[in-house]
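*Asks:* Can you keep this structure in mind? I'll have questions shortly.
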Amino acid sequence: MRLICLTLLIISGITDSRSEQYEVVGPAGPVLAVAGEHVILPCSVKPSISVVDMRVEWFRLDLRDSQLVHLYDDHVDRNTDQIQSYRGRTGLNHQELLRGDASLKLSSVRVSDEGLYKCFIQSISWSDDTTVNVSVEAVGRPPVITVDGFDHSGGLHLQCESEGWNPEPDLEWLNNEGVSLSSETTEKHRNTDGFSVKHTITVHERDSKIHCRFKLKHHMLETLIITTSNMFNSWRTSVIMISVFVVLSVIAGILIAVFAHKYKEHIQLKNEHNKLKSEKRRIQEERDQLLQSLKTIIPKALTYLRTHTVNVTLDADTAHPRLIVSDDGKQVRFVNTQTEGVHRGKDRFDKHLGVVGKEGFSSGCFYFEVQVTGQTDWELGVTRESANRKGWASLSPERGYWIVGRRYGRYLARDSPDYSLSLRVAPERVGVFVDYKKGLVVFDVDVDVESRSHIYTYTNQSFNKKLYPFVSLGYRWNENSTPLIICDDY
């Protein structure tokens, strides 16, 4: 009997494990969108299950900065960090989420929307994603033909141009019999609105219709011009009059113009050369002085900050259930499964992957350093004793958090609003200095053994509660197992 029960339990466990093996699927090929219309970017869970209680995130794979396109979490849309150009143009069908459909509706499609998108779906114990390739087709403005003069043989120069196409259109010149004519020159440019194309042709036909045609796979725009004998006759009269005028005027003024221009050009070049030499010398001197000053100031500043170093030990009782704090309280890392036996008390974080120090400070100055080498999603700084540790709310000074960090590949100070930080390379350590009385929270980083720099300062803050050291590995999930380490080796 015991053997039968054990077998049933094993089969049940296998069944439950298999029930969690879901797959996020997208379209079989690229999704074609038309500029100005809306498009659906397919994404769903297979086999079909409700994703209402899950996290759904859409972001661009082909952009270096600010990748978030749309975020659904905790049953609502949260687009605070959304790319500016997508504001008000994205949406999920919340009814379809019940059927496992997390497809994104993108309205008022633009050429700049073309690219690779990732749909990422995450539950407490499972996550998967799929990629959607979006191609945008845009029909440009009607082509315009202009007459651009005559050549030496009396041929008429015609120029045809149009803009706002995507992808690059094909252009054809046709005569009145529909025969294709060869274009002589082509200019094309691309910007966020699509391609601008300009073609030039020379014709010698009289009383003829010349067509200019722009074509895409499914669209075509065309315009025409009628060339008459009067156009070519007017060219002959103009050539005779212009030739006489040119002969009389050029002989009289060419020598004076050449010598005057050369002399003026020589003087200007000489003056510019002298200015450039002087400016270059001044910049080099200022650079040398600045570098010399930095070699003296930075070590002194770091020495001063470290005179206020305090011993920071992380309080495991405040850590999110998916965080593991080392026995000595100096390291914290993320694990995929929730730690057994951990309760969700009022002092413990439940959404942000945060943990605070055991010791608080309510006067004077204090300083500590955190090693972030190898970790791609982190935040650190100080938090007020009474700050709320529950829910999804942004960690800002108004909510009792003074922090900097890295998310989606960007470095940010979580001020109001967020402030983007410019770091040339990934930092190895981040130092936090607090002057409680003056209301200062200063952050500096070192990127190698000899290089250290200031990155951000919160000023004019009002502190009336204890401040605790704070570190975090992001929001709800972190795929990087590298720990954050409280440094003691100054």
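The values are calculated or read from the model by the stated rules, or taken from the named source; none is laboratory data. Note that the structure is predicted; figures quoted are calculated from it, not measured. In this analysis, Cβ positions are derived from the backbone assuming ideal geometry, glycine residues included, and neighbour counts consider all displayed protein chains. Accessible surface areas use protein heavy atoms only, side chains included; no ligands, DNA or RNA. Shrake-Rupley method; radii C 1.70, N 1.55, O 1.52, S 1.80 Å.
*Asks:* Can you pull out every residue in region 84-102 that is in contact with a Leu (Cβ under 7 Å, 6 or more places away or on another chain) and surrounded by 19 or more Cβ atoms within 10 Å (Cβ to Cβ)? It would help to see each step written out before you state the result.
*Replies:* Looking only at region 84-102, we keep the residues that are in contact with a Leu (Cβ under 7 Å, 6 or more places away or on another chain), and these are 89-90, 92, 102.
Once the filter is applied, which keeps residues that are in contact with a Leu (Cβ under 7 Å, 6 or more places away or on another chain) and surrounded by 19 or more Cβ atoms within 10 Å (Cβ to Cβ), region 84-102 yields THR90, LEU92, ALA102.
*Asks:* Quick check on region 57-73. Is at least one of its residues open to solvent by less than 60 Å² (accessible area, probe 1.4 Å), at pLDDT below 95 and touching a Ser or Thr at 6+ places or on another chain (Cβ under 6 Å)?
*Replies:* no
*Asks:* For ASP448, state whether it is modelled with pLDDT of 95 or more and either at negative phi or among the hydrophobic types (A, V, I, L, M, F, W, C) (or both).
*Replies:* For ASP448, the condition - modelled with pLDDT of 95 or more and either at negative phi or among the hydrophobic types (A, V, I, L, M, F, W, C) (or both) - is not met.
*Asks:* Keeping to region 180-238, report how many residues are at pLDDT below 80, surrounded by 14 or more Cβ atoms within 10 Å (Cβ to Cβ) and part of a strand (DSSP E or B).
*Replies:* Total satisfying the criteria: 2.
*Asks:* Within region 154-210, take every residue that is within 11 Å of PRO143 (Cβ to Cβ) and of a type in the set (D, E, K, R) and give me the one that is nearest to the chain's Cα centre (by Cα).
*Replies:* Here the residue is GLU163.
*Asks:* Continuing with the same structure: Restricting to region 371-405, what's the tally of residues that are in a helix (DSSP H, G or I) and surrounded by 21 or more Cβ atoms within 10 Å (Cβ to Cβ)?
*Replies:* Selection size over region 371-405: 0.
*Asks:* Before we move on, is LYS105 over 28 Å from ASP193 (Cβ atoms), basic (Lys, Arg) and open to solvent by 20 Å² or more (accessible area, probe 1.4 Å)?
*Replies:* Taking the combined requirement at face value, the residue does not satisfy it.
*Asks:* Look through region 104-143, keep the residues that are among the hydroxyl-bearing types (Ser, Thr, Tyr) and over 22 Å from the mean Cα position of the chain (by Cα), and return whichever of them is farthest from ARG64 (Cα to Cα).
*Replies:* Per the stated criteria, the residue is SER125.
*Asks:* Considering each of TYR458, TYR436 in turn, give the residue that is more than 26 Å from the chain's Cα centre (by Cα), at pLDDT 90 or above and of a type in the set (Ser, Thr, Tyr).
*Replies:* Working: TYR458 fails: more than 26 Å from the chain's Cα centre (by Cα).
The match here is TYR436.
*Asks:* For region 50-72, check the following and say yes or no: at least one residue is at positive phi and touching a residue at least 12 places away in the same chain (Cβ under 8 Å).
*Replies:* Among the residues of region 50-72, at least one is at positive phi and touching a residue at least 12 places away in the same chain (Cβ under 8 Å), which makes the answer yes.
*Asks:* Could you tell me whether TYR411 is touching a Lys or Arg at 6+ places or on another chain (Cβ under 7 Å) and buried (at least 16 other Cβ atoms within 10 Å of the Cβ)?
*Replies:* When the stated conditions are applied, TYR411 does not pass them.
*Asks:* Next question, about the same structure. Of the conditions (1) over 30 Å from VAL76 (Cβ atoms); (2) in contact with a helix residue (DSSP H, G or I) (Cβ under 7 Å, 6 or more places away or on another chain); (3) open to solvent by 40 Å² or more (accessible area, probe 1.4 Å), SER416 fails just one. Which one is it?
*Replies:* Among (1) over 30 Å from VAL76 (Cβ atoms); (2) in contact with a helix residue (DSSP H, G or I) (Cβ under 7 Å, 6 or more places away or on another chain); (3) open to solvent by 40 Å² or more (accessible area, probe 1.4 Å), SER416 violates only (1).
*Asks:* Among the numbered conditions (1) farther than 22 Å from LEU68 by Cβ; (2) at pLDDT 90 or above, tell me where THR146 comes up short.
*Replies:* Of everything listed in (1) farther than 22 Å from LEU68 by Cβ; (2) at pLDDT 90 or above, THR146 misses just condition (2).
*Asks:* Can I ask one more? Could you check VAL136 against (1) at pLDDT below 90; (2) open to solvent by less than 70 Å² (accessible area, probe 1.4 Å); (3) in contact with a helix residue (DSSP H, G or I) (Cβ under 9 Å, 6 or more places away or on another chain); (4) in a strand (DSSP E or B) and say which number it fails?
*Replies:* (1)
*Asks:* In region 150-170, how many residues are in a strand (DSSP E or B) and open to solvent by 30 Å² or more (accessible area, probe 1.4 Å)?
*Replies:* 6
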